[in-house]
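> Shown below is the structure under consideration.
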Amino acid sequence: MTADGGHHVPRGHAIVTPGADFHDRTAVAVGDPVLQQALHNLDRRLRTAGEAADAHPDWKDRAAEIRRETLRDLDGWLDRLERALTARGVHVHRAASPAEARRVVLGIAREHGVKTVVKSKSMATEEIDLGNALEDAGIARVETDLGEYIVQLAGERPSHMITPAIHKTLPQIRDVLAREAHSDLAVDREALTAWARGRLRGEFLRADLGVTGVNFAAADTGTLVLVTNEGNGRFCTTVPRVHVAVMPIEKVIPRLADVGVLLPLLTSHATGQALSNYVTIISGPRREGETDGPEELHVVFLDNRRRTLLHTQYEEMLACIRCGACLNVCPVYRNVSGHAYDSVYSGPMGKVLTPLLSGGAEGADLPYGSSLCHACSDACPVKIPLGDMILALRADVPAAASAPRRRRRIFWSLWARAWSSPRGYRVSTRLGRASRGRVPGLRAWTATRELPRPARESFRDRWAREHG
Amino acid sequence: MIDDLVTGLRANACSVTGPITVDEARAAIVARAGGHELVACNADVPVPGIIEALGAAGVELLLPGDPAWSARLPGAAVGITGSLVASARPAAIALVAAQGSPRGTSLVPASHICVVRVADIRATLAAAMIEIAAGELPSALTWIGGPSRTGDLEMVTTLGVHGPRAVEVMLLE
């Protein structure tokens with residue numbers, strides 16, 4: 001949503017079929033053979049993440065309790081965090097909407113005459129569509145996470161919150177990078193990584209502003225925690241003069257010591273690593289006598305309707321630590337990937353968060369695209385009942401009826417009427433037996449499923465024959 | 001605890017030496033850094049006389065007091081640092097930013113050598129974090145597991161994206 005309440009569709013966002021509903025977009029994704037090939041790589045993540053996650057079964061309870069302790073007094077912890085950050089010389093900004101958050105960051109950039117921004121991967125900056133806002137203001141924006149850089153060069157959006165270019169195969173990635181390099185690059189991971197390293201190194205050294213998200217923010221000490229593997233997050237918080245961290249308000253945690261539990265849980269569920277390669281723990285800007293690090297540090301608290309979820313049945317959604325485990329196990333996500341959701345957040349957590357953060361204006365049909373298998377609820381390291389929420393949203397956020405849903409509604413209303421009377425029931429079951437399972441108009445359904453064959457004789461008929 | 005740390009760091013693609021004595025560590029660092037054009041060295045390396053030893057070996061040193069530190073650091077082949085604390089499970093070393101110990105030494109050069117005192121090893125990350133949270137917090141503390149890496153290319157781990165391609169941990173008795 002834009003500031004004036006209008007519908008804001010970021011460029012390069014709806015890359016599958018703009019305007020079509022989730023049902024249509026999934027069909028396009030399933031029919032794309034290259035995408036399907038790329039998605040096989042998810043199996044790799046599923047295996048390693050599953051093994052690592054099993055190493056901490058009892059930690060789920062502790063982590064879930066820490067997150068719920070936070071939500072019981074979110075405003076109190078935020079106030080404490082703001083005081084602690086301010087005491088460390090950090091500038092805190094509160095943004096109610098994405099538009100306000102964009103304004104804050106652009107204001108900081110203008111004040112410092114910023115020409116180049118280096119960004120590390122952050123869902124919050126995707127949520128506020130900061131990249132396009134910076135470019136509209138004439139500021140060069142460079143995504144520095146390798147996957148996100150590939151996606152930026154391709155003019156696309158991330159399709160997975162941990163692995164943004166999961167929808168691309170290695171030859172496709174080579175093509176994207178070779179176009180930028182104006183030279184031939186080998187289809188080789190080491191070679192492509194080395195080329196990107198050299199290119200992005202120059203951007204880091206040139207940049208005046210580093211923008212990151214926040215994984216956790218400790219209220220007791222006023223400390224930001226950032227998790228990365230490549231080192232780009234470290235560059236963004238080491239080289240540029242100014243660092244801006246965009247923090248959705250639920251990222252606050254009561255105590256810095258809590259990250260001893262939350263970090264291993266986050267990274268084992270996200271990538272299968274016991275700990276991510278780099279964890280950067282920031283308590284204020286560069287200090288007197290230090291050689292590097294930002295001279296100025298800003299944190300933007302982003303609300304964007306999150307407070308409206310407190311004290312509702314969806315409050316626990318704010319416990320989410322953005323590990324991506326629910327995407328990796330979801331039978332729908334694994335077949336269609338992130339772009340089909342046509343929203344910043346995809347997978348099961350996206351089905352819940354997208355309609356909630358937009359007040360039902362976006363993604364209202366997403367909760368319907370679910371098998372309700374609850375694999376997401378089981379995978380969640382902080383025990384969010386995602387499956388229950390998806391079901392509840394079907395009642396709370398009515399989606400505009402699509403053609404297939406209209407047909408379904410007509411079918412079920414006829415069924416309800418027929419089976420409300422004994423006569424209607426008898427007639428319909430007799431018709432069913434007579435058809436021997438060959439029901440017209442069901443081909444789409446029976447193409448992938450077995451239609452149960454009705455018995456030759458109904459129980460009523462048999463009872464009447466044997467006892468009547 | 002030491003075994004857990006060594007096994008874990010090796011699994012993360014670090015090379016690990018030790019536990020060794022201070023004299024052995026000094027000789028090992030000079031052997032690794034010798035032959036490189038420019039070597040950056042932090043003030044928190046717990047090996048007395050390391051600067052002099054590197055200088056005597058003909059290594060050109062970049063020290064944090066250098067007014068051109070930031071401009072010259074990208075030209076350094078090796079960065080040498082100490083560490084505040086290490087966690088055995090999961091295996092990682094923690095570095096702190098301070099005067100004389102810039103953040104970039106362990107990030108910008110292609111190779112990072114980190115000296116860790118055995119007495120600074122803690123059994124778990126949780127135990128280390130409780131200790132860190134209770135103390136005076138530095139402007140930046142970084143847990144490092146090993147060489148920089150990415151899983152963005154078809155979810156296969158590839159080393160050396162933005163940070164060091166090689167990390168060597170020397171354990172000091």
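The values are calculated or read from the model by the stated rules, or taken from the named source; none is laboratory data. If you're wondering where the values come from, they're calculated on a predicted model, not measured in any experiment. Please note: Cβ atoms are built from the backbone with ideal geometry, for glycine as well, and neighbour counts cover all protein chains shown.
> For B:ARG122, indicate whether it is more than 13 Å from chain A (Cβ to nearest Cβ) and among the charged types (D, E, K, R).
On the way: more than 13 Å from chain A (Cβ to nearest Cβ): no; among the charged types (D, E, K, R): yes.
Against the criterion (more than 13 Å from chain A (Cβ to nearest Cβ) and among the charged types (D, E, K, R)), B:ARG122 does not qualify.
> Next question, about the same structure. Condition (residue is out of contact with any Ser or Thr (no Cβ under 6 Å at 6 or more places or on another chain), in contact (Cβ under 8 Å) with a residue 60 or more places away in the chain and under 24 Å from A:GLY31 (Cβ atoms)) applied to the range A:378-395: is it met by at least one residue?
The answer is no, given that none of the residues of the range A:378-395 is out of contact with any Ser or Thr (no Cβ under 6 Å at 6 or more places or on another chain), in contact (Cβ under 8 Å) with a residue 60 or more places away in the chain and under 24 Å from A:GLY31 (Cβ atoms).
> Hey, among A:THR312, A:THR267, A:THR308, which residue is surrounded by 23 or more Cβ atoms within 10 Å (Cβ to Cβ) and either more than 30 Å from A:ALA361 (Cα to Cα) or more than 14 Å from every other protein chain (Cβ to nearest Cβ) (or both)?
Numbers: A:THR312 fails: surrounded by 23 or more Cβ atoms within 10 Å (Cβ to Cβ); A:THR308 fails: surrounded by 23 or more Cβ atoms within 10 Å (Cβ to Cβ).
On inspection, the qualifying residue turns out to be A:THR267.
> So, one more: Out of A:ARG141, A:ARG80, I need the residue that is charged (D, E, K, R), buried (at least 17 other Cβ atoms within 10 Å of the Cβ), in contact with a strand residue (DSSP E or B) (Cβ under 8 Å, 6 or more places away or on another chain) and on the phi < 0 side of the Ramachandran plot. Which one? Walk me through it before giving the result.
Numbers: A:ARG80 fails: in contact with a strand residue (DSSP E or B) (Cβ under 8 Å, 6 or more places away or on another chain).
The match here is A:ARG141.
> Considering the range B:122-143 alone, what residues qualify as being in a strand (DSSP E or B) and more than 19 Å from A:VAL90 (Cβ to Cβ)?
Looking only at the range B:122-143, we keep the residues that are in a strand (DSSP E or B), and these are B:122-124, B:140-143.
Of everything in the range B:122-143, those that are in a strand (DSSP E or B) and more than 19 Å from A:VAL90 (Cβ to Cβ) turn out to be B:ARG122, B:ALA123, B:THR124, B:TRP143.
> To continue, here is another question. Any residue in the range B:105-121 that is over 20 Å from B:ARG10 (Cα atoms), in contact with an Asp or Glu (Cβ under 9 Å, 6 or more places away or on another chain), in a strand (DSSP E or B) and not hydroxyl-bearing (Ser, Thr, Tyr)?
There is no residue in the range B:105-121 that is over 20 Å from B:ARG10 (Cα atoms), in contact with an Asp or Glu (Cβ under 9 Å, 6 or more places away or on another chain), in a strand (DSSP E or B) and not hydroxyl-bearing (Ser, Thr, Tyr).
> Just the residues that are among the polar types (S, T, N, Q) and modelled with pLDDT of 95 or more, please, taken from the range A:173-201. Quick ask: steps written out before the conclusion?
So the first thing to find is which residues in the range A:173-201 are among the polar types (S, T, N, Q), and the list is A:183, A:193.
Matches in the range A:173-201: A:THR193 only.
> Please specify each residue of the range A:121-148 satisfying the condition of being within 14 Å of chain B (Cβ to nearest Cβ) and either acidic (Asp, Glu) or in contact with a Gly (Cβ under 8 Å, 6 or more places away or on another chain) (or both). Please lay out each step first, then the result.
First, pick out the residues of the range A:121-148 that are within 14 Å of chain B (Cβ to nearest Cβ): A:121, A:142-148.
Answer for the range A:121-148, where residues must be within 14 Å of chain B (Cβ to nearest Cβ) and either acidic (Asp, Glu) or in contact with a Gly (Cβ under 8 Å, 6 or more places away or on another chain) (or both): A:LYS121, A:GLU143, A:ASP145, A:GLU148.
> Sort through B:LEU153, B:LEU125 and tell me the only one that's touching a residue at least 24 places away in the same chain (Cβ under 8 Å) and within 22 Å of A:VAL227 (Cβ to Cβ).
Numbers: B:LEU153 fails: touching a residue at least 24 places away in the same chain (Cβ under 8 Å).
Going through B:LEU153, B:LEU125 in turn, just one is touching a residue at least 24 places away in the same chain (Cβ under 8 Å) and within 22 Å of A:VAL227 (Cβ to Cβ): B:LEU125.
> Being within 20 Å of B:GLY100 (Cβ to Cβ) and without any contact (Cβ under 8 Å) to a residue 60 or more places away in the chain narrows it down to one residue among A:ARG286, A:ARG255; which is it? Break it down into steps so the answer makes sense when it comes.
On the way: A:ARG255 fails: within 20 Å of B:GLY100 (Cβ to Cβ).
Going through A:ARG286, A:ARG255 in turn, just one is within 20 Å of B:GLY100 (Cβ to Cβ) and without any contact (Cβ under 8 Å) to a residue 60 or more places away in the chain: A:ARG286.
> Also, I was wondering about something else. From the set of residues in the range B:125-144 that are over 14 Å from A:GLY284 (Cα atoms) and more than 7 Å from chain A (Cβ to nearest Cβ), which is surrounded by the most Cβ atoms within 10 Å (Cβ to Cβ)?
B:ILE132
> With the condition kept exactly as written, say whether any residue in the range A:318-336 is within 30 Å of A:ASP208 (Cβ to Cβ) and either at the interface with chain B (Cβ under 10 Å from one of its Cβ atoms) or of a type in the set (Asp, Glu) (or both). If you could, list the steps in order and put the result at the bottom.
Initial filter on the range A:318-336 (within 30 Å of A:ASP208 (Cβ to Cβ)): A:322.
Adding the requirement that they be either at the interface with chain B (Cβ under 10 Å from one of its Cβ atoms) or of a type in the set (Asp, Glu) (or both) leaves none.
There is no residue in the range A:318-336 that is within 30 Å of A:ASP208 (Cβ to Cβ) and either at the interface with chain B (Cβ under 10 Å from one of its Cβ atoms) or of a type in the set (Asp, Glu) (or both).
> Considering only residues of the range A:335-358 that are touching a residue at least 60 places away in the same chain (Cβ under 8 Å) and not in a helix (DSSP H, G or I), which is surrounded by the most Cβ atoms within 10 Å (Cβ to Cβ)?
A:SER346
> If I ask for residues that are assigned to a strand (DSSP E or B), of a type outside the set (Gly, Ala, Ser) and closer than 26 Å to A:ARG199 by Cα, which ones from the range B:53-97 would you list? Steps first, please.
If we filter the range B:53-97 for residues that are assigned to a strand (DSSP E or B), which is where we start, we get B:60-62, B:78-81, B:85-89, B:92-96.
Those still in the list that are of a type outside the set (Gly, Ala, Ser) too: B:60-62, B:78, B:80-81, B:85, B:89, B:93, B:95-96.
Within the range B:53-97, B:LEU62, B:VAL78, B:ILE80 qualify.
> Residue under question is A:ASP129, and the condition is that it be at positive phi and either of a type in the set (A, V, I, L, M) or surrounded by 17 or more Cβ atoms within 10 Å (Cβ to Cβ) (or both); does it hold? Can you show your working first?
Working: at positive phi: yes; either of a type in the set (A, V, I, L, M) or surrounded by 17 or more Cβ atoms within 10 Å (Cβ to Cβ) (or both): yes.
So A:ASP129 fits the description; yes.
> If a residue has to be assigned to a loop (DSSP other than H, G, I, E, B), closer than 22 Å to A:GLY147 by Cα and either at the interface with chain A (Cβ under 8 Å from one of its Cβ atoms) or in contact with a helix residue (DSSP H, G or I) (Cβ under 8 Å, 6 or more places away or on another chain) (or both) to count, how many in the range B:148-173 make the cut? Can you show your working first?
Restricting attention to the range B:148-173, the residues satisfying the condition of being assigned to a loop (DSSP other than H, G, I, E, B) are B:148, B:151-157, B:160-165, B:173.
Adding the requirement that they be closer than 22 Å to A:GLY147 by Cα leaves B:148, B:151-157, B:160-165.
Cutting the leftovers down to either at the interface with chain A (Cβ under 8 Å from one of its Cβ atoms) or in contact with a helix residue (DSSP H, G or I) (Cβ under 8 Å, 6 or more places away or on another chain) (or both) gives us B:148, B:151-156, B:160-164.
So the answer is 12.
> Determine whether B:GLY18 is more than 14 Å from chain A (Cβ to nearest Cβ), of a type in the set (Gly, Ala, Ser) and in a strand (DSSP E or B).
Working: more than 14 Å from chain A (Cβ to nearest Cβ): yes; of a type in the set (Gly, Ala, Ser): yes; in a strand (DSSP E or B): yes.
Considered against the rule, which asks whether it is more than 14 Å from chain A (Cβ to nearest Cβ), of a type in the set (Gly, Ala, Ser) and in a strand (DSSP E or B), B:GLY18 comes out as yes.
> Okay, moving on. Checking the structure you have, find out if any residue of the range A:312-326 is over 30 Å from A:ASP32 (Cα atoms) and acidic (Asp, Glu).
Here is the first cut: in the range A:312-326, the ones over 30 Å from A:ASP32 (Cα atoms) are A:312-321.
Narrowing the set further to residues that are acidic (Asp, Glu) leaves A:315-316.
Yes, there is a match, as at least one residue in the range A:312-326 is over 30 Å from A:ASP32 (Cα atoms) and acidic (Asp, Glu).
Residue by residue, here is whether (1) aliphatic (A, V, I, L, M); (2) more than 24 Å from A:THR291 (Cβ to Cβ) holds:
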residue	(1), (2)
B:THR21	no, yes
B:GLY34	no, yes
B:GLU37	no, no
B:ALA40	yes, no
B:ALA43	yes, no
B:PRO46	no, no
B:GLU52	no, no
B:LEU63	yes, no
B:ARG72	no, no
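> Additional query: Quick one: which residue in B:LEU73, B:LEU95, B:LEU63, B:LEU107 is buried (at least 20 other Cβ atoms within 10 Å of the Cβ), without any contact (Cβ under 8 Å) to a residue 40 or more places away in the chain and within 11 Å of chain A (Cβ to nearest Cβ)?
Values: B:LEU95 fails: without any contact (Cβ under 8 Å) to a residue 40 or more places away in the chain; B:LEU63 fails: buried (at least 20 other Cβ atoms within 10 Å of the Cβ); B:LEU107 fails: without any contact (Cβ under 8 Å) to a residue 40 or more places away in the chain.
It is B:LEU73.
> Having 2 or more residues that are facing chain B (nearest Cβ under 9 Å) and surrounded by fewer than 22 Cβ atoms within 10 Å (Cβ to Cβ) is the bar; report the strands (runs of 3 or more DSSP E) wholly within the range A:149-260 that clear it.
Values: elements: A:209-212, A:216-218, A:223-228, A:242-248.
Where strands (runs of 3 or more DSSP E) fall fully within the range A:149-260, none carries at least 2 residues being facing chain B (nearest Cβ under 9 Å) and surrounded by fewer than 22 Cβ atoms within 10 Å (Cβ to Cβ).
> Look through A:LEU266, A:LEU256 and report the one residue that is under 30 Å from A:ARG305 (Cβ atoms) and under 20 Å from the mean Cα position of the chain (by Cα).
Details: A:LEU256 fails: under 20 Å from the mean Cα position of the chain (by Cα).
Criteria check complete, one pass: A:LEU266.
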